[in-house]
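A.B. asks: The following block contains the structure, expressed as structure tokens.
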Amino acid sequence: MKGEGMMAAGRRFFEQEFEERRKWMTSEIRGKVRYGTSFNQINDTVFCWRDFLKLNCQPVQDLLPLCPSSPEDLRDEVVSYVKEIQVLFLEIMAVVLEALGLRKEEALMEEFQEGSHMLIVNYFPPCPNPDLTLGMPPHSDYGFLTLLLQDDIAGLQVYHRDRWLTIDPLSNSIVVNVGDHLEIFSNGRYKSVLHRVLVNSSKPRMSIASLHSLPFSSTVRPAAALVDDAGGERLYKDTDFAAFLNYISSHDANRKSFLETRKLTHNGQRG
């Protein structure tokens with residue numbers, strides 16, 4: 001995995017003057033390439049201590065001419081990293097499907113090969129008052145899996161058993177986060193991960209998140225076999241990427257709120 005080269009090129013992008021970075025700033029959340037700040041800069045009422053470069057990487061050949069050309073090695077590093085991380089995603093999803101008893105879902109694996117892939121390069125500058133803000137607020141990711149590469153500065157936290165736990169970075173390792181789509185598809189067997197990012201006052205921090213799911217045009221729904229295994233009880237509504245975009249463009253980030261809108265009620269209880 002060529003993570004070090006991707007991390008170094010990403011860092012040089014954020015170290016450029018703002019006038020260079022702002023060339024890629026847009027309010028179009030469906031854009032192929034987008035530079036911005038905070039979490040959802042269009043609708044956030046409280047901004048977070050974060051810059052980002054978001055790249056829609058499917059298909060990667062369409063991304064190449066649109067990707068920032070400064071620093072000069074960024075395009076090559078992006079293409080190389082995207083190809084390798086996609087292979088890793090497919091290998092992990094094959095294991096996930098087998099664990100769910102869905103080994104013969106060959107059509108689904110083919111969809112994943114052509115599925116959505118969003119690469120988000122995050123930069124968290126040193127913050128003079130880190131106790132007053134966050135790099136990213138508590139949230140869960142929309143896709144099936146997020147594969148996260150971190151530098152050596154701690155900041156990622158996950159919510160587990162009613163408390164926040166810091167995920168100490170390990171050199172050359174990838175953090176695998178379950179997203180909302182996998183929770184829906186698995187009919188609740190896998191739970192998406194609520195996480196947030198802290199900042200510090202002395203050192204910048206970087207991470208590269210690869211968000212993977214089915215194609216943007218696809219509908220995600222609980223697998224029929226897993227609904228049958230649950231006695232026919234379906235716990236989640238169908239969803240698609242358009243519903244997610246509409247939600248985040250009209251709401252502040254608020255924990256796992258989008259996923260909550262996908263849950264069904266059974267006998268007075270939330271699914």
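A.B. asks: Taking the chain as a Gaussian network, Cα atoms linked when under 10 Å apart, which of Asp51, Asp238, Asp141 shows the biggest mean-square fluctuation?
C.D. replies: Asp238
A.B. asks: What is the Cα convex hull volume of the range 21-129 when expressed per residue in Å³?
C.D. replies: 152
A.B. asks: Would you mind checking the tilt of helix 3-15 against the longest principal axis of the Cα atoms of the chain, expressed as 0 to 90 degrees and rounded to 10?
C.D. replies: 60
A.B. asks: Report, in deg cm²/dmol and to the nearest 500, the calculated mean residue ellipticity at 222 nm for the chain, where each DSSP H run with n ≥ 4 adds -39500 (n - 2.57) and the sum is divided by the residue count.
C.D. replies: -8500 deg cm²/dmol
A.B. asks: Return the Rg/Rh value of the chain, two decimal places, where both radii are evaluated on C-alpha atoms and Rh is the Kirkwood radius.
C.D. replies: That ratio equals 0.96.
A.B. asks: Another question, then. Give, rounded to the nearest 20 debye, the magnitude of the charge dipole that the chain has about its Cα centre when Lys and Arg contribute +1 at Cβ and Asp and Glu contribute -1 at Cβ. Display every interim value, and only then the final one.
C.D. replies: Details: 30 positive and 36 negative charges, 142 e Å.
Taking the Cα centre of the chain as origin, the dipole is about 680 debye.
A.B. asks: Would you kindly state how much longer the chain becomes between Leu88 and Asn246 on full extension, computed as 0.36 nm times their sequence separation minus their alpha carbon distance, in nm to one decimal?
C.D. replies: 53.9 nm
Computed from the coordinates by the stated procedures, all read-outs in this text should not be read as laboratory data. Predicted model, so just to flag it, every value in this text is computed and none were measured. All Cβ positions, glycine included, derive from the backbone under ideal geometry; neighbour counts span all protein chains shown.
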